[in-house]
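> Dropping a structure here in C-alpha cells format, bear with me for questions.
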C-alpha cells in the first residue's frame, strides 16, 4: 500500500513522523515522506522515499524564525502568537497544498498522513471524502480541542477554578488572535476554492481527519468530550542508535542521581536560558551527575565554566539515557516530555515559547513534575525544584503511574490496526472514486 506522510519541516514534527514511517515500512508499506530537505538522509535511512516540500514552505532547522524579522521585534504576547501562526502555518498553506497535490496526482496514494500543524492538508480535508484518500493526522503537540472553560491553546492557563475566571483573556484572544487569524485563513482557503472554516485551524485538523492519533495517554490531557476519531496512542518507540553512547557512559554507575538537561532542537539558540543556569544550580551537589544534551549543537557552545559533576554530549540516545535519569530538566518540548513520562521520569520545566507554556502547565497540573512558569529560571529556583523532585516520592510516584498507562498502550499495534481499517475502506470504494482531489 502507498502511504504519503506530509510533515512540517521541524524536528518536533519530523521525529514522530519517522517513528510512524518506520513502523509502516516494517509492515511492508511503500512510504513516501513529504517534508523539508534537511531531513532527506533520515527519511531514507529508515527505508522510506523522500520528496521535498516546495522551497517557499521549507524552513531553516537551526533557526526556523530566521526569515521572519517580526518574530524578533514583537514582544511576547497575543499579537506575537497570531503573527507566528499566520507566518509559519497559514501562509504556507498554498505552497504545501499545491506541492502535495502534484505529488498525489503522480503516485495515487492509498492513505495520506500529516502532522497536526501541516495546514496544507486543510483544502484536501475540506474536499468530499469520496474524492480523496483517507487522511490520518497525528498530534505532535497538546490536543487541539476546546476546553470546557473555553481557554484557547498556547496561553498556558490552568483550568478555571470558577465560571468566568478567564473570560477577559478569552475576549482579548478573540479580538487579537482568533478573528484576524480566521479572516486570513479563510481568504487563503477561498483562493483555493474551499472553506470557510468556523473553527481555529489546528482544531479543524482534529475535527476533519478520518483518524487522529494523539501521541500521549489520556491522563496527560484534560477530560472532555472528544470525536470518536481521536485515539490516544501513547509514545512512539524511540528509533534506536540515532546517536552513539558517550565515552563517559560508565560514570552513570548508580552512585549519583542523574539529572538530564536539554533545551531541545529549536529553542536552543541561547544555552543561557536553561542549560547554563542548571549547571550552575547543581555544581555543588555532590550526589548529582548532570547530563546535558545540546540538541545537535557542539558542546563547545555551552557557556562555561563546566562543573566537575557535568557530562556533555551534542546528541544522546534517549533509549539509553532515559532509563538512567532521575529527573528531566527541559524547556518543555511535547515529544521529549512524553518520552520521559513513558519511562516514569519526573520533570522540572521552564519554557513559555511555542506550545511549551501549555505542555509545562500540564506537567504541573498533573503533578508529574514542577513547572517553573518562566523562560528564564534562576539557578536558585532550578536547584530548589530539582532537589524537591529528587527528595520527594510524590512526583516520581505520579510519573510512574503515568508510565504504566503508556505501557498499557500498544502504540505499534494501534497504528497497524487503524491503517488496516482505512486500507479496507479504501479498497471497498469504487475504483473511480480513489483519485485524489485536485
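> For the chain, modelled as a Gaussian network with Cα springs under 10 Å, which listed residue fluctuates most, 391, 58, 326?
391
> Assuming R0 = 41 Å, can you tell me the calculated FRET efficiency for the pair residue 129 and residue 184, based on Cβ-Cβ distance, to the nearest 0.05?
0.95
> So, one more: Antiparallel DSSP bridges in the stretch 249-407: what percent, to the nearest 5?
Within the stretch 249-407, antiparallel bridges account for around 0 percent of the total.
> Hey, what angle do you get for helix 179-191 against the long axis of the chain, alpha-carbon based, 0 to 90 degrees rounded to 10?
In the chain, helix 179-191 runs at an angle near 40 degrees to the longest axis.
> If I fit a long axis through the Cα atoms of helix 11-26 and take the longest principal axis of the Cα atoms of the chain, what angle between them do I get, 0 to 90°, rounded to 10?
Rounded to the nearest ten degrees, it is 70.
> Could you work out which residue, out of 334, 315, 68, moves most in a Gaussian network model of the chain, that is, has the largest mean-square fluctuation with Cα springs under 10 Å?
Of the options given, 68 has the highest mean-square fluctuation.
> Right, next: So what is the calculated 222 nm ellipticity per residue for the chain, using -39500 (n - 2.57) for each DSSP H run with n of 4 or more, over all residues, to the nearest 500 deg cm²/dmol?
Using -39500 (n - 2.57) per qualifying helix, the result is -10500 deg cm²/dmol.
> Right, next: Quick one: helix 93-107 against the long Cα principal axis of the chain, what's the angle to the nearest 10°, folded into 0 to 90?
Orientation of helix 93-107: about 60 degrees from the principal axis.
> How do the peptides 174-185, 72-83 rank, highest first, by the average count of neighbouring beta carbon atoms within 10 Å per residue?
Ranking the peptides 174-185, 72-83 by packing returns 174-185, 72-83.
> To continue, here is another question. Please work out how much length the chain gains when fully extended from residue 324 to residue 424, using 0.36 nm per residue of separation minus the C-alpha to C-alpha distance, in nm with one decimal. Intermediate values should be presented prior to the final figure.
Working: separation 100, 0.36 × 100 = 36.00 nm, distance 4.26 nm.
Answer, rounded to one decimal: 31.7 nm.
> At a Förster distance of 35 Å, what's the computed FRET efficiency of residue 397 paired with residue 299, Cβ-Cβ distance as r, to 0.05?
0.55
> If you don't mind, there's one more thing I want to ask. Output the peptides 223-234, 290-301 sorted from most to least packed, where packing is the average of other Cβ atoms within 10 Å over each peptide's residues.
Result, highest mean Cβ count within 10 Å first: 290-301, 223-234.
> Work out, step by step, the length gained on full extension between residue 241 and residue 272: first 0.36 nm times the residue separation, then minus their alpha carbon distance; give nm to one decimal.
In short, 8.3 nm is gained.
> How far apart, in nm, are the 7 Å Cα→Cβ label points at residue 105 and residue 73?
If labels sit at residue 105 and residue 73, their model points lie 3.9 nm apart.
> Each label point is 7 Å from the Cα along the Cα-to-Cβ direction; what then is the distance between the points at residue 158 and residue 45, in nm?
Between residue 158 and residue 45, the label points sit 4.2 nm apart.
> Let me ask another. Please find the FRET efficiency linking residue 148 to residue 219, where r is the Cβ-Cβ separation and R0 is fixed at 22 Å, and quote it to the nearest 0.05.
The computed FRET efficiency comes out at 0.85.
> On to the next question. I'd like the antiparallel share, as a percent to the nearest 5, of DSSP beta bridges with both residues in the chain.
0
> Once a ≥ b ≥ c are taken as the square roots of the eigenvalues of the Cα gyration tensor of the stretch 86-238, is the result rounded (a/c under 1.5), prolate (a/b larger than b/c) or oblate (a/b not larger than b/c)?
Cα axes put the stretch 86-238 in the oblate bin.
> Quick one: compute the contact order of the stretch 249-407, relative version, from alpha carbon pairs under 8 angstrom and 6+ residues apart, as a percent.
Numbers: 297 pairs, mean separation 35.6, N = 159.
Normalised by residue count, the contact order of the stretch 249-407 is 22 percent.
> Would you kindly state how much longer the chain becomes between residue 380 and residue 87 on full extension, computed as 0.36 nm times their sequence separation minus their alpha carbon distance, in nm to one decimal? Mind dumping the intermediate values first?
Working: separation 293, 0.36 × 293 = 105.48 nm, distance 3.71 nm.
Between residue 380 and residue 87, full extension yields 101.8 nm more.
> Based on Cα positions only, what radius of gyration and what Dmax would you give for the stretch 249-407, in angstroms?
14.0, 41
> For a quick protection proxy, order the peptides 154-165, 105-116 by their average other-Cβ count within 10 Å, most packed first.
So the order, starting with the most tightly packed, is 105-116, 154-165.
> Got a sec? How would 130, 400 order by Cβ neighbour count within 10 Å, fewest to most?
With the sparsest Cβ surroundings first, the list reads 130, 400.
Read the figures in this text as sums done on the coordinates, not as results from a lab. These figures come from a predicted structure and were not determined experimentally. We place every Cβ from the backbone using ideal geometry, glycine too, and count neighbours over all the protein chains shown.
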